[in-house]
Number of protein chains: 2
Amino acid sequence: MQCFIHPDIKDVTLEAVLYALADPARRAIVRALAADRACEGAGLSCHAAAPPDLPKATVSQHYSKLRAAGVVRATRKGVSVIHTLRCDELNAKFPGLLPAILEAVEA
Amino acid sequence: MQCFIHPDIKDVTLEAVLYALADPARRAIVRALAADRACEGAGLSCHAAAPPDLPKATVSQHYSKLRAAGVVRATRKGVSVIHTLRCDELNAKFPGLLPAILEAVEA
DNA sequence: TTGTTTGTTCAATTAATCGGAACAATCGAA
DNA sequence: TTCGATTGTTCCGATTAATTGAACAAACAA
(Lines give C-alpha, C1' and ligand atoms only; values in the text may rest on other atoms or scores of the structure.)
Protein backbone atom coordinates (compact mmCIF):
# COMPACT_ATOMS: atom_id res chain seq x y z
CA MET A 1 0.00 0.00 0.00
CA GLN A 2 1.12 3.41 -0.85
CA CYS A 3 1.21 5.82 2.03
CA PHE A 4 0.15 9.39 1.50
CA ILE A 5 2.29 12.04 3.09
CA HIS A 6 0.51 14.88 4.86
CA PRO A 7 2.30 17.85 6.37
CA ASP A 8 1.84 18.54 10.05
CA ILE A 9 -0.45 21.53 10.46
CA LYS A 10 2.44 23.54 11.93
CA ASP A 11 4.29 23.14 8.63
CA VAL A 12 1.36 24.26 6.52
CA THR A 13 2.05 27.64 4.94
CA LEU A 14 -0.31 30.36 3.77
CA GLU A 15 1.75 30.33 0.61
CA ALA A 16 0.93 26.73 -0.24
CA VAL A 17 -2.72 26.97 0.80
CA LEU A 18 -3.34 30.04 -1.34
CA TYR A 19 -1.57 28.52 -4.34
CA ALA A 20 -3.63 25.37 -3.90
CA LEU A 21 -6.92 27.26 -3.65
CA ALA A 22 -6.12 29.67 -6.47
CA ASP A 23 -6.85 26.97 -9.04
CA PRO A 24 -10.55 26.66 -9.98
CA ALA A 25 -10.45 22.87 -10.35
CA ARG A 26 -8.90 22.47 -6.92
CA ARG A 27 -11.40 24.93 -5.48
CA ALA A 28 -14.21 22.84 -6.97
CA ILE A 29 -12.78 19.77 -5.26
CA VAL A 30 -12.55 21.60 -1.96
CA ARG A 31 -16.11 22.86 -2.29
CA ALA A 32 -17.33 19.32 -2.92
CA LEU A 33 -15.46 18.04 0.11
CA ALA A 34 -16.88 20.86 2.25
CA ALA A 35 -20.40 20.02 1.08
CA ASP A 36 -19.82 16.36 1.81
CA ARG A 37 -18.62 17.21 5.27
CA ALA A 38 -21.69 19.39 5.86
CA CYS A 39 -23.83 16.37 4.96
CA GLU A 40 -21.91 14.22 7.42
CA GLY A 41 -20.26 12.35 4.60
CA ALA A 42 -17.13 10.39 5.33
CA GLY A 43 -15.11 11.82 2.51
CA LEU A 44 -15.17 11.43 -1.25
CA SER A 45 -13.20 9.50 -3.81
CA CYS A 46 -11.07 11.48 -6.22
CA HIS A 47 -13.48 11.23 -9.09
CA ALA A 48 -16.50 12.00 -6.93
CA ALA A 49 -15.23 15.40 -5.84
CA ALA A 50 -13.54 16.47 -9.07
CA PRO A 51 -15.16 18.44 -11.86
CA PRO A 52 -16.13 16.17 -14.77
CA ASP A 53 -14.25 16.20 -18.09
CA LEU A 54 -10.87 16.57 -16.44
CA PRO A 55 -8.34 13.87 -17.41
CA LYS A 56 -7.63 11.61 -14.46
CA ALA A 57 -3.92 12.40 -14.54
CA THR A 58 -4.77 16.05 -14.08
CA VAL A 59 -7.17 15.28 -11.26
CA SER A 60 -4.54 13.18 -9.55
CA GLN A 61 -2.01 16.01 -9.75
CA HIS A 62 -4.53 18.43 -8.28
CA TYR A 63 -5.13 16.13 -5.31
CA SER A 64 -1.41 15.72 -4.92
CA LYS A 65 -1.02 19.50 -4.60
CA LEU A 66 -3.94 19.75 -2.19
CA ARG A 67 -2.39 17.05 0.02
CA ALA A 68 1.06 18.63 -0.11
CA ALA A 69 -0.41 22.01 0.79
CA GLY A 70 -2.13 20.49 3.82
CA VAL A 71 -5.63 21.26 2.60
CA VAL A 72 -6.91 17.70 2.38
CA ARG A 73 -6.15 14.34 3.91
CA ALA A 74 -6.23 11.03 2.03
CA THR A 75 -6.78 7.46 3.11
CA ARG A 76 -7.10 4.43 0.91
CA LYS A 77 -10.39 2.56 1.13
CA GLY A 78 -10.15 -0.47 -1.07
CA VAL A 79 -9.59 0.57 -4.62
CA SER A 80 -10.50 4.20 -3.93
CA VAL A 81 -8.67 7.02 -2.23
CA ILE A 82 -10.93 8.93 0.11
CA HIS A 83 -10.21 12.59 0.73
CA THR A 84 -11.42 14.83 3.51
CA LEU A 85 -10.98 18.54 4.14
CA ARG A 86 -8.59 19.48 6.97
CA CYS A 87 -11.18 22.02 7.93
CA ASP A 88 -10.69 22.42 11.68
CA GLU A 89 -6.92 22.41 11.49
CA LEU A 90 -6.90 25.01 8.75
CA ASN A 91 -9.39 27.19 10.52
CA ALA A 92 -7.30 27.09 13.68
CA LYS A 93 -4.18 28.08 11.80
CA PHE A 94 -5.70 30.59 9.37
CA PRO A 95 -8.89 31.82 11.02
CA GLY A 96 -11.61 32.73 8.60
CA LEU A 97 -9.66 31.93 5.46
CA LEU A 98 -11.43 28.78 4.37
CA PRO A 99 -14.95 30.10 5.10
CA ALA A 100 -14.18 33.34 3.24
CA ILE A 101 -13.12 31.40 0.17
CA LEU A 102 -15.88 28.80 0.33
CA GLU A 103 -18.60 31.36 0.88
CA ALA A 104 -17.40 33.63 -1.88
CA VAL A 105 -19.63 33.69 -4.94
CA GLU A 106 -17.63 32.53 -7.93
CA ALA A 107 -17.89 34.41 -11.19
CA MET B 1 0.08 60.06 -19.66
CA GLN B 2 -0.49 56.41 -19.54
CA CYS B 3 -3.84 55.41 -18.15
CA PHE B 4 -4.10 52.41 -15.88
CA ILE B 5 -7.02 50.11 -16.45
CA HIS B 6 -8.88 48.88 -13.39
CA PRO B 7 -11.70 46.35 -13.52
CA ASP B 8 -15.06 47.34 -12.12
CA ILE B 9 -15.56 45.59 -8.80
CA LYS B 10 -18.42 43.57 -10.32
CA ASP B 11 -15.95 42.05 -12.78
CA VAL B 12 -13.42 41.12 -10.13
CA THR B 13 -13.23 37.35 -9.72
CA LEU B 14 -12.22 35.22 -6.76
CA GLU B 15 -10.05 33.38 -9.23
CA ALA B 16 -7.95 36.41 -10.09
CA VAL B 17 -7.78 37.70 -6.52
CA LEU B 18 -6.54 34.37 -5.16
CA TYR B 19 -3.97 34.00 -7.95
CA ALA B 20 -2.77 37.52 -7.25
CA LEU B 21 -2.48 36.95 -3.51
CA ALA B 22 -0.92 33.50 -3.83
CA ASP B 23 2.43 35.04 -4.71
CA PRO B 24 4.57 36.05 -1.72
CA ALA B 25 5.98 39.16 -3.37
CA ARG B 26 2.52 40.40 -4.25
CA ARG B 27 1.31 39.57 -0.76
CA ALA B 28 4.18 41.62 0.66
CA ILE B 29 3.11 44.55 -1.51
CA VAL B 30 -0.49 44.21 -0.36
CA ARG B 31 0.61 44.02 3.29
CA ALA B 32 2.63 47.21 2.86
CA LEU B 33 -0.34 48.97 1.26
CA ALA B 34 -2.61 47.78 4.06
CA ALA B 35 -0.17 49.09 6.66
CA ASP B 36 0.08 52.41 4.85
CA ARG B 37 -3.67 52.67 4.79
CA ALA B 38 -3.84 51.93 8.51
CA CYS B 39 -1.43 54.82 9.08
CA GLU B 40 -3.62 57.09 6.98
CA GLY B 41 -1.09 57.13 4.22
CA ALA B 42 -2.19 58.20 0.77
CA GLY B 43 -0.74 55.23 -1.03
CA LEU B 44 2.76 54.10 -1.86
CA SER B 45 5.00 54.19 -4.90
CA CYS B 46 5.88 50.87 -6.50
CA HIS B 47 9.31 50.65 -5.00
CA ALA B 48 8.14 51.76 -1.55
CA ALA B 49 5.73 48.85 -1.15
CA ALA B 50 7.77 46.15 -2.87
CA PRO B 51 10.22 43.81 -1.18
CA PRO B 52 13.81 44.93 -1.79
CA ASP B 53 16.16 43.03 -4.12
CA LEU B 54 13.48 42.37 -6.69
CA PRO B 55 14.30 43.55 -10.22
CA LYS B 56 12.11 46.46 -11.17
CA ALA B 57 10.73 44.63 -14.20
CA THR B 58 9.50 41.89 -11.91
CA VAL B 59 8.00 44.39 -9.50
CA SER B 60 6.22 46.13 -12.35
CA GLN B 61 4.73 42.84 -13.52
CA HIS B 62 3.50 42.09 -10.02
CA TYR B 63 1.73 45.45 -9.83
CA SER B 64 0.28 44.83 -13.25
CA LYS B 65 -1.28 41.57 -12.03
CA LEU B 66 -2.55 43.18 -8.85
CA ARG B 67 -4.22 45.92 -10.87
CA ALA B 68 -5.71 43.48 -13.37
CA ALA B 69 -7.05 41.33 -10.55
CA GLY B 70 -8.73 44.36 -9.02
CA VAL B 71 -6.73 44.25 -5.82
CA VAL B 72 -5.06 47.65 -6.11
CA ARG B 73 -5.68 50.94 -7.82
CA ALA B 74 -3.00 53.10 -9.40
CA THR B 75 -2.70 56.79 -10.10
CA ARG B 76 0.29 58.61 -11.43
CA LYS B 77 1.74 61.30 -9.17
CA GLY B 78 4.53 63.00 -11.00
CA VAL B 79 7.23 60.52 -11.75
CA SER B 80 5.82 57.91 -9.41
CA VAL B 81 2.84 55.61 -9.62
CA ILE B 82 0.91 55.54 -6.39
CA HIS B 83 -0.97 52.40 -5.48
CA THR B 84 -3.75 51.91 -2.96
CA LEU B 85 -5.57 48.79 -1.79
CA ARG B 86 -9.17 48.40 -3.00
CA CYS B 87 -9.94 47.35 0.51
CA ASP B 88 -13.58 48.33 0.99
CA GLU B 89 -14.64 47.14 -2.44
CA LEU B 90 -12.95 43.80 -1.98
CA ASN B 91 -14.38 43.34 1.47
CA ALA B 92 -17.87 44.04 0.18
CA LYS B 93 -17.49 41.52 -2.61
CA PHE B 94 -15.54 38.85 -0.73
CA PRO B 95 -16.35 39.36 2.95
CA GLY B 96 -13.55 38.40 5.28
CA LEU B 97 -11.15 37.29 2.58
CA LEU B 98 -8.66 40.13 2.71
CA PRO B 99 -8.54 40.29 6.53
CA ALA B 100 -8.09 36.53 6.76
CA ILE B 101 -5.10 36.67 4.44
CA LEU B 102 -3.59 39.82 5.91
CA GLU B 103 -3.95 38.63 9.47
CA ALA B 104 -2.52 35.20 8.77
CA VAL B 105 0.93 34.61 10.19
CA GLU B 106 3.32 33.86 7.36
CA ALA B 107 5.78 31.01 7.66
C1' DT C 1 -4.82 -16.11 -12.38
C1' DT C 2 -7.47 -12.87 -14.98
C1' DG C 3 -10.18 -8.82 -15.44
C1' DT C 4 -12.05 -4.46 -13.53
C1' DT C 5 -11.78 -0.25 -11.09
C1' DT C 6 -9.37 3.65 -9.19
C1' DG C 7 -5.21 6.41 -8.87
C1' DT C 8 -0.28 7.39 -9.58
C1' DT C 9 3.96 8.15 -12.17
C1' DC C 10 6.47 9.19 -16.32
C1' DA C 11 7.63 12.01 -20.15
C1' DA C 12 6.66 15.36 -23.68
C1' DT C 13 4.19 19.32 -24.94
C1' DT C 14 2.41 23.75 -23.71
C1' DA C 15 1.88 27.81 -20.85
C1' DA C 16 3.40 31.09 -17.40
C1' DT C 17 7.05 33.56 -14.94
C1' DC C 18 11.45 35.99 -14.40
C1' DG C 19 14.58 39.55 -15.37
C1' DG C 20 18.06 42.17 -18.36
C1' DA C 21 17.88 45.80 -21.74
C1' DA C 22 15.64 49.26 -24.14
C1' DC C 23 11.98 52.55 -24.04
C1' DA C 24 8.53 56.09 -22.01
C1' DA C 25 6.82 59.67 -18.89
C1' DT C 26 7.55 63.34 -15.61
C1' DC C 27 10.04 66.88 -13.46
C1' DG C 28 13.89 70.14 -12.16
C1' DA C 29 17.68 72.79 -13.70
C1' DA C 30 20.45 75.13 -17.00
C1' DT D 1 13.84 74.09 -24.91
C1' DT D 2 17.15 70.69 -23.90
C1' DC D 3 19.59 67.79 -20.78
C1' DG D 4 19.81 64.61 -16.97
C1' DA D 5 17.81 62.08 -13.21
C1' DT D 6 14.08 59.27 -11.46
C1' DT D 7 10.37 55.94 -11.71
C1' DG D 8 7.88 52.48 -14.26
C1' DT D 9 6.65 49.85 -18.37
C1' DT D 10 7.34 46.86 -22.37
C1' DC D 11 9.86 43.57 -25.06
C1' DC D 12 11.71 39.16 -25.51
C1' DG D 13 14.72 35.26 -24.55
C1' DA D 14 15.54 31.83 -20.84
C1' DT D 15 14.00 29.31 -17.01
C1' DT D 16 10.29 27.11 -14.62
C1' DA D 17 5.73 25.14 -13.90
C1' DA D 18 1.19 23.04 -15.49
C1' DT D 19 -1.16 19.75 -18.44
C1' DT D 20 -2.19 15.20 -20.14
C1' DG D 21 -1.79 10.71 -22.85
C1' DA D 22 0.25 6.34 -21.89
C1' DA D 23 2.13 3.01 -18.98
C1' DC D 24 2.22 1.27 -14.39
C1' DA D 25 0.46 -0.04 -9.51
C1' DA D 26 -2.80 -1.48 -5.88
C1' DA D 27 -6.94 -3.56 -4.36
C1' DC D 28 -10.58 -6.66 -5.01
C1' DA D 29 -13.96 -10.06 -7.14
C1' DA D 30 -14.77 -14.05 -9.80
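Quick look at the values:
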| item | result |
| --- | --- |
| 10 Å Cβ neighbours from other chains, averaged over peptide A:13-23 | 6 |
| 5 angstrom amide H check on B:R86, placed H, neighbours 5+ away | B:V72, B:R73 |
| Radius 15 Å from Cβ of B:K93, net charge of other residues (Lys, Arg +1; Asp, Glu -1) | -4 |
| The protein assembly as shown: Cα Rg divided by the 2.2 N^0.38 Å rule of thumb | 1.11 |
| Two-site label geometry, A:V79 and B:D88: point separation in nm, points 7 Å out along Cα→Cβ | 5.9 nm |
| Phi-based couplings in Hz for the range A:4-14 (Karplus 6.51, -1.76, 1.60; Gly and Pro marked x) | 8, 9, 10, x, 4, 4, 5, 9, 7, 10, 4 |
| Carbon/sulfur fraction of accessible area - the range B:9-103, other protein chains in place, 1.4 Å, % | 57 percent |
| Eligible lysines near A:K65 by straight Cα distance, threshold 29 Å, same-chain separation 8 or greater | A:K10, A:K56, A:K77, A:K93, B:K65, B:K93 |
| Total accessible area lost when A and B pair, probe 1.4 Å, Å² to nearest 100 | 1500 Å² |
| Percent of alpha-carbon pairs separated by more than 19 Å within the range A:1-79 | 35 percent |
| Length-normalised contact order for chain B - Cα pairs under 8 Å, 6+ apart - percent | 30 percent |
| Complex-versus-alone comparison for the range B:62-107, residues with a loss of 50 Å² or more in accessible area, probe 1.4 Å | B:A100 |
| Cut-off under 5 Å, modelled amide H: who pairs with B:S80 long-range | none |
| Surface accessible to a 1.4 Å probe, per residue, for the residues of chain A, Å² | 53 Å² |
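The values are calculated or read from the model by the stated rules, or taken from the named source; none is laboratory data. Because the structure is predicted, anything quoted here is derived from the model rather than measured. A quick note on method: Cβ atoms are made from the backbone with ideal geometry, for glycine too, and the neighbour counts reach across all protein chains shown. Ligands, DNA and RNA are excluded from the accessible area calculation, which covers all protein heavy atoms including side chains. Shrake-Rupley method; radii C 1.70, N 1.55, O 1.52, S 1.80 Å.
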